[in-house]
1. Do the conditions hold for Ala330, that is, is it in contact with a helix residue (DSSP H, G or I) (Cβ under 7 Å, 6 or more places away or on another chain) and small (Gly, Ala, Ser)?
2. Any residue at all in segment 46-55 that's of a type outside the set (A, V, I, L, M) and in contact with a Phe, Trp or Tyr (Cβ under 6 Å, 6 or more places away or on another chain)?
3. State yes or no: is Ile152 within 26 Å of Pro248 (Cα to Cα) and not charged (D, E, K, R)?
4. Could you list, in sequence order, the residues of segment 301-314 that are open to solvent by 30 Å² or more (accessible area, probe 1.4 Å) and in a helix (DSSP H, G or I)?
5. Exactly one condition in (1) acidic (Asp, Glu); (2) modelled with pLDDT of 95 or more; (3) over 18 Å from Cys147 (Cα atoms) is false for Glu260; which is it?
6. When the residues of segment 315-359 are filtered to those that are in a helix (DSSP H, G or I) and acidic (Asp, Glu), which remaining residue is least open to solvent (accessible area, probe 1.4 Å)?
7. May I ask you to list the residues in segment 63-109 that are part of a loop (DSSP other than H, G, I, E, B), of a type in the set (A, V, I, L, M, F, W, C), touching a Gly at 6+ places or on another chain (Cβ under 8 Å) and open to solvent by 30 Å² or more (accessible area, probe 1.4 Å)?
8. What is the residue count in segment 240-250 for residues that are surrounded by fewer than 24 Cβ atoms within 10 Å (Cβ to Cβ), closer than 20 Å to Thr304 by Cβ and not charged (D, E, K, R)?
Amino acid sequence: MSSEELSSSITDWFFFNSWWLLLPFVMLLVIAAFIVAFVLLLYMISPLISPKPFKLNGAHVVVTGGSSGIGKSIAMECYRQGAFITLVARDETKLVLAKKEVEKCAINDKQVVLCISVDVSSDYGQVESVIKQAQEKLGPVDMLVNCAGTSIAGKFEDVDMDRFKKIMEVNFLGSVYPTRAVITTMKERRMGRIMFVSSQAGQIGLFGYTAYSPSKFALRGLAESLQMEMKPYNIYVTVAYPPDTDTPGFAEENKTKPLETRLISETAAVCQPDQVAKIFVKDTVQGNFNSSVGPDGYMLSALTCGMSPVTSITEGLQQIVTMGLFRTIALFYLCSFDSIVRRCMIQREQTKAADNKKE
C-alpha cells in the first residue's frame with residue numbers, strides 16, 4: 001500500500017470514528033432542544049389551564065371551626081382583604097370573642113361578621129339550614145373554609161373504638177356537610193373556592209395517629225374527586241396541610257401524646273396560626289390544589305402528589321424534577337422516625353423489667 005493510500009485510509013478512519021465520538025454530544029443537544037421547546041410550549045399554554053385569581057374584597061367567606069386556632073386566623077386574614085365573614089362553630093362564647101377579634105381587622109365600615117353556632121358534623125339538615133340563613137344575610141357563599149376538626153393522639157390499642165367513629169364524623173363529615181350545602185349555588189353561579197384544612201398527618205401516617213391520620217387522609221380523596229367534578233364550573237378546591245401549629249387544639253393534643261409521637265413532632269418547628277393562614281388564603285384565592293407551609297411541607301406535597309390535580313405547569317414540572325431527590329431525603333426521615341420508635345420501645349421494656357425486679 002502506498003503512503004498516499006495509507007494516509008487516505010487513516011483520514012477516513014478518523015473521520016468515521018469522530019462522528020461516533022460526537023454522536024452522544026449531538027444527541028444531548030437534540031434532547032436539550034426538545035426539552036426547552038417543550039417547556040416553552042407548556043408556559044405558553046399555562047394561562048389557558050390556570051384559574052383566574054379570586055378577589056376577596058366584597059366576597060362572602062364561611063369559615064367552619066372559626067372560633068379559634070387556624071380557622072380564626074383565616075377569617076381574620078380574609079377580613080383584612082375586605083371579605084364578609086360567617087363564623088361557624090359549636091361554642092357560642094368563643095364565637096362572640098372571635099367575632100370581636102375579626103372585626104378589629106376591618107378595612108371598611110361595610111364589612112360584617114356573622115356568627116352561627118352549630119355542630120357541622122351532627123346533622124346535615126341543620127348545617128344546610130344555617131348556611132341558608134348566612135346566605136340570606138350576606139349573599140351567596142363565594143368561599144368555604146372547612147376548618148372544623150379535632151385531634152386524637154394515642155396508640156392504636158389505647159384509643160376507644162367510639163373515638164374512631166367520632167373523629168371521622170368531625171374531621172370528614174364535618175367538611176362534607178358544609179360543602180354539600182354550598183356547592184349547588186356555586187355551580188349555578190359558575191364560581192367559588194373551597195378549602196379543606198387537612199394536616200401533614202393527612203400526608204404521612206405517624207405513630208400515635210391511627211385514628212387522626214385516616215380522617216385527614218379522607219379529605220384529600222374527597223377533594224380530588226370533587227375538584228374533577230367542579231372544575232368545569234370554575235370552582236376550585238384547595239387542600240391545606242398545616243404543620244404543628246400553636247393553637248389551643250395543639251396544646252390540648254400535647255397533653256395525651258405518646259412519647260414517640262412527641263419526639264417525632266419535635267423534629268419540625270411549631271408554626272404560628274397567622275403565618276399558616278396567610279399561605280392558605282393566598283393558595284385558595286389563586287386556586288392551587290395543594291397548600292403547604294415551609295420546606296418540609298413543600299417536600300411532603302411534592303412526594304405525595306400522585307394523581308392530584310395541578311393548577312400550573314410550573315408546579316407539575318417542579319414535582320417531576322424533585323421527586324427522586326425528595327424521596328431520598330424522605331427515606332432518611334423515615335429511618336429516623338423508626339429509630340425513635342425502637343428506642344422508646346427498648347426504654348419502656350427496660351423500665352418495666354427494672355420495676356419487676358424491684359417487686
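The values are calculated or read from the model by the stated rules, or taken from the named source; none is laboratory data. Nothing here was measured: the structure is a model prediction, and the numbers come from that model. FYI the Cβ positions are ideal-geometry reconstructions off the backbone, even for glycines, and counts take in every protein chain you see. When the accessible area is computed, the model is the full protein with side chains, heavy atoms only, and any ligands, DNA or RNA have been set aside. Shrake-Rupley method; radii C 1.70, N 1.55, O 1.52, S 1.80 Å.
1. For Ala330, the condition - in contact with a helix residue (DSSP H, G or I) (Cβ under 7 Å, 6 or more places away or on another chain) and small (Gly, Ala, Ser) - is met.
2. Within segment 46-55, one or more residues are of a type outside the set (A, V, I, L, M) and in contact with a Phe, Trp or Tyr (Cβ under 6 Å, 6 or more places away or on another chain).
3. Answer is yes for this residue.
4. Leu303, Thr314
5. Unmet condition: (2).
6. Glu315
7. Answer for segment 63-109, where residues must be part of a loop (DSSP other than H, G, I, E, B), of a type in the set (A, V, I, L, M, F, W, C), touching a Gly at 6+ places or on another chain (Cβ under 8 Å) and open to solvent by 30 Å² or more (accessible area, probe 1.4 Å): just Ile107.
8. Summing the residues that are surrounded by fewer than 24 Cβ atoms within 10 Å (Cβ to Cβ), closer than 20 Å to Thr304 by Cβ and not charged (D, E, K, R) in segment 240-250 gives 2.
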